[in-house]
Structures are given as structure tokens and as C-alpha cells.
Amino acid sequence: MDAKVIEELAQRENIDPRTLAERLTSGEVVVVKNRKRNIAPMAVGKGTGVKVNANLGASTESADLEAELDKLRAAEDAGADTVMDLSDGGDLTTIRKAIIENSRLPVGTVPIYEAVVESARKYHDYLKMTASDIMDVLRRQAEQGVDFFTIHSGITRALVNHRHPNSRLGGIVSRGGALLTRWILANDKENPLYEHFDEILAIAKEYDIVLSLGDGMRPGALHDSLDSFQTGELYVLGELTLRAREKGVQVIIEGPGHVPINEIETNMRLQKAACHGAPFYVLGPLVTDIALGYDHIAGAIGGAIAAMNGADFLCIVTPREHLGQPDSQDIRDGVIASRIAAHAVDLLRNPKQKERDRLMSAARRRRDWRTVRDLSIDPATVDRKLGAMPTADMCSMCGEYCPLKVMDTVDS
């Protein structure tokens, strides 16, 4: 990698350039940026700031390009580091092209979605999909400028056949995982994403695309955490990580999912060991199954604990998770919740992060409302909650009995 890029990333991440270069070489850190895109590269992994991804995407029930662009703007305004287009409805090429052209952030996709949609249209049954169909999609998306791919290569024929996937309490909740599992069972063949992994590596290498090795068997219920499907897939991902590194392809690993709070540390340590220190990208994890409407909070709790124990990249969970298609406000709420979790851990990872909190505390003590607002993680919400910027030397909570105001009268 270019020395100038390493210097810039090291300065941004507050890491010694030599240390960053070593971690890039070992695969503990990756840099996300397709060769064809003119955006700032982003570092993810050991010692870097915890990054936050926002999922966008049209569905078969709701396919509105402007709505997706609104979500993109909401994600960027709320401070996301990356976005993913998970569309499986509407004009997929047009939607993805618009998101890539309008995004100043790295953009990821799950190519199997488009391969399934195209195969269903072409053959009238996606189960007739071939490896060539999938590779054609990968090449087109790479050429279009996608920066990272989620590839569910860890779902093998042996894993699917060792016991019936429907024996799980929560079933398979990964869309890509379910589609591929059904394809394997229906065709009694190996997963094309596993069987043709070398071809995928060649495409990723050509465009310098990061492969996010997907957790198609992630637990969708606390009861299924660390079961044989999740752990079996994880060990396959460890094997694939080494194969990718041998070909010079950057890899991150995707993780759970729904995880009991006392198992998060075990999940993180297991992944780092099984996948040779590769950066870990987690969905949440959600620490309870019953937080409908508040899953962004459940996910932020799990995300903070996960990042404390080695996770490097948090995928947002929105308030509408498990309920329906999120809108732009849901995206904003999910990003802010995950950013709070990430910042809480970055305070330990990067000493420079502490300065903002120190300045906030000093501004609160002075009742300096303008500075308090500007330093907050979401100034727009502060504006909404405060209304007009207070001019009084107090707030409406304590009024004249403000403890800080009271203590100002005490002699030093």
C-alpha cells in the first residue's frame, strides 16, 4: 500500500505508521476502498477507531430510489462510516449506481441478492442459479465501484447436512444464509461461494475489494448462540481467511446476531482466535429477543461490550428491526445508538477521543449551551429537545437550584 496513504490513515487513527503497516501486512487491519472510487480510504481493525455501518436497501415490498437516497443522507449526517446496499427489490443496478455516486462513504453489498433476483427472473426459479450467474454479478458490481462484498462462503454442504437447519429455535435469519441453504439442499451440491472461492478472490484482488465473510448461520435467537451452525461456519471462515491472505485479498469476518450478554466476550475471543485476528464486524449483537421497537438500544448495549472485547466494526440495528423496512429516521436513530457504543470504547482505544468529553464537561459546568450543543454526538436532537437556545444561566430541570450554579457561589 502507498506510504502516503498509510501516513494519512495513521494520523487519522492516532496510530504509529509503522504499527499500522505491520497490522495491514498481518491482516489485523484492512483498508476499505475500491480502486475505481474517489473517496477517502477507511481503516478497520486492531487499534483503529470502532467503525459504524448503516444498512440501506429497497425490498420487494418497498422500492423507492429517493427513499434510499434519503436513508443515505441520514446515515451520512448521523456520522456512519460506511453504508451497505442490501436491495432485493426494484431496479437493483440503478439503485446501487445512485448510492455509489451519491455516497462519500465506502459502499458494501451482498451480491447473492442480485444473483438470486436475476436467476428468478431468468429461469423462473432461483434454485436454477449457477456459479456463473453469481460471478457475473460479482464482476459487474466490482466494476461499478462497490468497496466491500459480504460473501456467505462459510455455509458448506457438510454444515447444512449435519442436522436440519430448521431444528434451530430461531431458524436461519440471514437472508443470504437462508437462500444459499435452500439452494444447497434443493440441488444437493456444494455452496458455489465456497466451491468457487478462488474465482471470488481473483475479482476482489483486481479491484482491491474487501471481502466481508458473512455469517449466514448467525444466531437469530439467544437460545441459538454458539450452536454448531454458528461455530461450524466460523471455523470455515477461518480457513477462508488464510486462503484470502495468501492471494493478497483483505478480509473481515461478520459475527452475530443475538447473543446473551454473558457470552459476548466468548464470541469475540473465539472469532479472533478462529479467524487469525481478522477484523470483526458484528450486527449488534442484540442482548435480548424482546426489545421490538428498541432494538437499536439492545444492539448498542451488545455492540459496546463486543467492541470492548475486540470487535472492530458495528453494523447498526434500527428501531424497526424485526418489524419492517426502516425509514430515514430509523437509520439515523440506529447510527447514533451504534456511534455512542463505538465512542464509549474509542475513549479507551484512542486518548485523543477523551478531549471532546473533557470539553463537554467544562461547557456544562459553565452552562455554555452553544458549546454543549456543538460538542454533542447529535446536535440536531439537542436543538429539538432544547427548543430555543437558553439564554438563562440555568436549565428548566433544576432552575434556580441548579447545583452547578449553587456551587459557583462557594469561595475557592
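The values are calculated or read from the model by the stated rules, or taken from the named source; none is laboratory data. Note that the structure is a prediction, hence the values are computed from the model and not measured. Cβ atoms come from the backbone with ideal geometry, glycine included; neighbour counts cover every protein chain shown.
Per-residue answers, yes or no, for (1) buried (at least 18 other Cβ atoms within 10 Å of the Cβ); (2) closer than 16 Å to ILE203 by Cβ:
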site: VAL83; (1), (2): yes, no
site: ILE99; (1), (2): yes, no
site: PRO106; (1), (2): yes, no
site: VAL110; (1), (2): yes, yes
site: ASP133; (1), (2): yes, yes
site: ALA142; (1), (2): yes, yes
site: ARG157; (1), (2): no, no
site: ASN161; (1), (2): no, no
_For the stretch 12-42, which positions are in a loop (DSSP other than H, G, I, E, B) and farther than 15 Å from VAL146 by Cβ?_
ASN14, ILE15, ASP16, GLY27, GLU28, ALA40
_Condition met for THR60 (of a type in the set (Val, Ile, Thr) and either under 19 Å from the mean Cα position of the chain (by Cα) or modelled with pLDDT under 95 (or both))_ = yes
*Within the group HIS296, HIS322, which residue is of a type outside the set (Phe, Trp, Tyr), under 21 Å from ALA67 (Cα atoms) and more than 15 Å from the chain's Cα centre (by Cα)?*
HIS322
_Can you tell me which residue is farthest from the chain's Cα centre (by Cα) among those in the stretch 216-274 that are of a type in the set (Ser, Thr, Tyr) and in a helix (DSSP H, G or I)?_
SER228
*Looking only at the stretch 354-373, decide whether some residue is outside any helix (DSSP H, G or I) and either surrounded by 24 or more Cβ atoms within 10 Å (Cβ to Cβ) or in contact with a Gly (Cβ under 9 Å, 6 or more places away or on another chain) (or both).*
no
*Check GLU76, GLU114 and return the single one that is modelled with pLDDT of 95 or more, in a helix (DSSP H, G or I), of a type in the set (Asp, Glu) and crowded, with 23+ Cβ neighbours inside 10 Å.*
GLU114
*Only one of ALA21, ALA63, ALA3 is among the aliphatic types (A, V, I, L, M), within 30 Å of HIS276 (Cβ to Cβ), surrounded by 15 or more Cβ atoms within 10 Å (Cβ to Cβ) and out of contact with any strand residue (DSSP E or B) (no Cβ under 8 Å at 6 or more places or on another chain); which?*
ALA21
*Name every residue in the stretch 250-267 that is surrounded by fewer than 24 Cβ atoms within 10 Å (Cβ to Cβ) and farther than 20 Å from GLY171 by Cα, in order of residue number.*
ILE261, ASN262, GLU265, THR266
*Being assigned to a helix (DSSP H, G or I) and over 23 Å from GLY171 (Cβ atoms) narrows it down to one of ALA278, ALA304, so name that one.*
ALA304
*Any helices (runs of 4 or more DSSP H) falling wholly within the stretch 122-209 and containing at least 2 residues that are within 24 Å of the chain's Cα centre (by Cα)*: 131-144, 175-187, 192-195, 197-207
*Kindly indicate the residue of the stretch 374-412 that is among the aliphatic types (A, V, I, L, M) and farther than 29 Å from ARG332 by Cα and also surrounded by the fewest Cβ atoms within 10 Å (Cβ to Cβ) among those meeting that condition.*
VAL410
*Look at ALA78 and say whether it is under 18 Å from the mean Cα position of the chain (by Cα) and either among the β-branched types (Val, Ile, Thr) or assigned by TED's automatic domain parsing to the domain that holds ALA202 (or both).*
yes
*For the stretch 378-412, what are the residues that are under 30 Å from ALA80 (Cα atoms), assigned to a loop (DSSP other than H, G, I, E, B) and acidic (Asp, Glu)?*
ASP378
_Which residue is farthest from VAL31 (Cα to Cα), if the candidates are limited to the stretch 79-105 and must be part of a loop (DSSP other than H, G, I, E, B) and polar (S, T, N, Q)?_
SER87
*Which of the residues spanning the stretch 334-353 are modelled with pLDDT under 95 and surrounded by fewer than 19 Cβ atoms within 10 Å (Cβ to Cβ)?*
LEU348, ASN350, PRO351, LYS352, GLN353
